[in-house]
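No lab work stands behind these numbers, since they all come straight from the coordinates. From a predicted model like this one, the values you see are computed outputs, not experimental measurements. Don't worry about glycine lacking a Cβ; one is built from the backbone with ideal geometry, like all the others, and counts go over all protein chains shown.
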Amino acid sequence: MKERAPVPASLSVGSFLVIEGPIGVGKTSLARRLSLHLGLEGLFEEPEQNPFLARFYENRQAFALATQLFFLFQRRRLLDDLAQGDFLRAGVVADFLWAKDRVFAGITLDNDEWRLYEQITSSLPEPVQTPDLVVFLQAPVDVLMERIRKRGRAYEHIDRAYLASLAEAYTDFFHRYQDSPLLMVNAAEANFVESDEDLAALVESIRGIHNGRHFFNPLASGTGT
């Protein structure tokens, strides 16, 4: 399958839309709602399948590499299934970007683990699918911590310092990101899952993007909840 160059991100048939952001920002919830709302296929990470994740949150140093590699191969499998199937004919909404794997690796792995990770990733070909649009959700660390608390996953013992480092790493990554059109969204006050108004405003913003870097603040448009 040939790599698709970025095209106007109008969420038409064949579009590949990626929702990204740090833990707790709501990327999976938004991706799931968009897939239903727009009639697109969904492609979602499966963190509950990672047998190392709970142990990672208890002891990051001991289980960082195992956790990272499990997610690396899981994401690769999902993207390979996407390339081999008919998903893109209908359009796809995913809750992860392949390139973001290095964001987590960069803050969790020590030097020796990073060198091994680099050897492994360098042996994997780049995915053939280039997103037509990446939506990057942002929120303050305190908001992320509260959302993580509210969803009540027993294994998510996430300390504030780690989450702050992750949010900063995401911001740095997307500051340099140029592979696809990018929409940076202030998700601190918006409720894209429960508010039809917020979701409609976001979809309208997405439909207007053809290339480049854009910003969307629901509060500025009066749609925040």
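The simple spin-label model puts a point 7 Å past each Cα toward its Cβ; for Q119 and F215 those points are separated by 4.4 nm. Distant-in-sequence amide contacts of V135, defined by a placed amide H-H separation under 5 Å and a gap of 5 or more residues or a different chain, comprise V18, I19, E20, L183. Counted by neighbouring Cβ atoms within 10 Å, the residues K100, K27, K150 run from fewest to most as K150, K100, K27. Computed over the chain, the Cα gyration tensor eigenvalues convert (square root of 5λ each) into semi-axes of 27, 23, 16 Å, ordered from largest to smallest. Only Cα pairs under 8 Å and 6+ residues apart enter the sum, and on that basis the relative contact order of the range 16-216 stands at 30 percent.
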